[in-house]
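Novice: First the structure, which I've put down as structure tokens, then a few questions once you've had a look.
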Amino acid sequence: MKRRTVQILLALLVIIYRKTWFWWIFNHFAGRLVPASREFFQILSFLEFSVTFLAILYLLVYEGGRILELKWKWRYPVYLLLAYGVNHISGIVFSFLTPATSNQMSLNELVEMTGRQELLYLLLITCLLGPITEELVYRGVLMNTFLKDSPWYGDVLLSACVFGYVHVSDGITPLAFFTYASGGAIVAFLYRKTHSLYYPILLHIMINILAFWELWVLLFSGS
């Protein structure tokens, strides 16, 4: 019982750190820097790595080395492609129903401030480090600690709700929340079906690369 209590407290600390203290520390060190500068992104990258390290350490302690193993069955890539397709279609639908969320507006502002030389830093954070960190926390830590393998998919629902909340907690609206929560549910369901973190991480990376595709083209166009 004591071990379980400690586990829950540590899981909550990791989740809360990613949502609140993470940004407090970032603002403290980056507040005096030029927004979207190289140093700005380097501090953000370091903090993302710190969350990744904490999440992996937590999972290794409470789930063992098997949590980081790549599980393979022929149907898993099919699940991945189906999840990507469903997310893409739902994204198109929601784009007509909801205005830009606070999270999206912040990203748009960051993109506008980012110069060509710093663009690679932005893309690596949003399309690689960010997805890895978020999947380790909101799928790995959260779903393996709370309602794990619930017969009524409570772990998927909880993960989706937390994921939706942390992305629209500023100026939250029902439609904005549901937009991110539905995406979180798709990724969480993929993790539930594969029991491997690599598939939701890959899905999240694919989703973000598509979202920033124009920036990738700009980066490598040479123009």
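The values are calculated or read from the model by the stated rules, or taken from the named source; none is laboratory data. Small disclaimer: the values here were computed from a predicted structure and weren't measured. Reconstructed Cβ throughout: ideal geometry from the backbone, glycine too, with neighbour counts over all protein chains shown.
Novice: Do you know which of the residues in the range 170-210 that are small (Gly, Ala, Ser) and at pLDDT 90 or above is nearest to the chain's Cα centre (by Cα)? Break it down into steps so the answer makes sense when it comes.
Specialist: As a first pass, look at the range 170-210 and keep what is small (Gly, Ala, Ser): 171, 176, 181-185, 188, 196.
Add one more test, that the residue is at pLDDT 90 or above, and what stays is 181-185, 188, 196.
On the way: 181: 12, 182: 13, 183: 10, 184: 9, 185: 12, 188: 11, 196: 16 Å.
Per the criteria, the residue is 184.
Novice: Right, residue 173: of a type in the set (Ser, Thr, Tyr), more than 29 Å from residue 221 (Cβ to Cβ), touching a Pro at 6+ places or on another chain (Cβ under 9 Å) and surrounded by fewer than 19 Cβ atoms within 10 Å (Cβ to Cβ) or not? Write out each step before concluding.
Specialist: Values: of a type in the set (Ser, Thr, Tyr): yes; more than 29 Å from residue 221 (Cβ to Cβ): yes; touching a Pro at 6+ places or on another chain (Cβ under 9 Å): yes; surrounded by fewer than 19 Cβ atoms within 10 Å (Cβ to Cβ): yes.
Yes.
Novice: Continuing with the same structure: Test of understanding: among 93, 137, 111, 86, which residue is crowded, with 18+ Cβ neighbours inside 10 Å and either at pLDDT 95 or above or of a type outside the set (S, T, N, Q) (or both)?
Specialist: Numbers: 93 fails: crowded, with 18+ Cβ neighbours inside 10 Å; 111 fails: crowded, with 18+ Cβ neighbours inside 10 Å; 86 fails: crowded, with 18+ Cβ neighbours inside 10 Å.
Criteria check complete, one pass: 137.
Novice: Check 165, 138, 198, 191 and return the single one that is under 23 Å from residue 91 (Cα atoms), of a type in the set (Phe, Trp, Tyr) and in contact with a Pro (Cβ under 8 Å, 6 or more places away or on another chain).
Specialist: Numbers: 165 fails: in contact with a Pro (Cβ under 8 Å, 6 or more places away or on another chain); 138 fails: in contact with a Pro (Cβ under 8 Å, 6 or more places away or on another chain); 198 fails: in contact with a Pro (Cβ under 8 Å, 6 or more places away or on another chain).
It is 191.
Novice: Additional query: Go through (1) crowded, with 21+ Cβ neighbours inside 10 Å; (2) farther than 30 Å from residue 34 by Cβ; (3) of a type outside the set (Phe, Trp, Tyr); (4) out of contact with any His (no Cβ under 8 Å at 6 or more places or on another chain) one by one and return the number of the condition residue 187 breaks.
Specialist: Looking at each condition in turn, residue 187 falls short on (4).
Novice: Which residue is surrounded by the most Cβ atoms within 10 Å (Cβ to Cβ), if the candidates are limited to the range 2-44 and must be more than 21 Å from residue 133 (Cβ to Cβ) and either touching a His at 6+ places or on another chain (Cβ under 6 Å) or hydroxyl-bearing (Ser, Thr, Tyr) (or both)?
Specialist: Taking the candidates together, the pick is 37.
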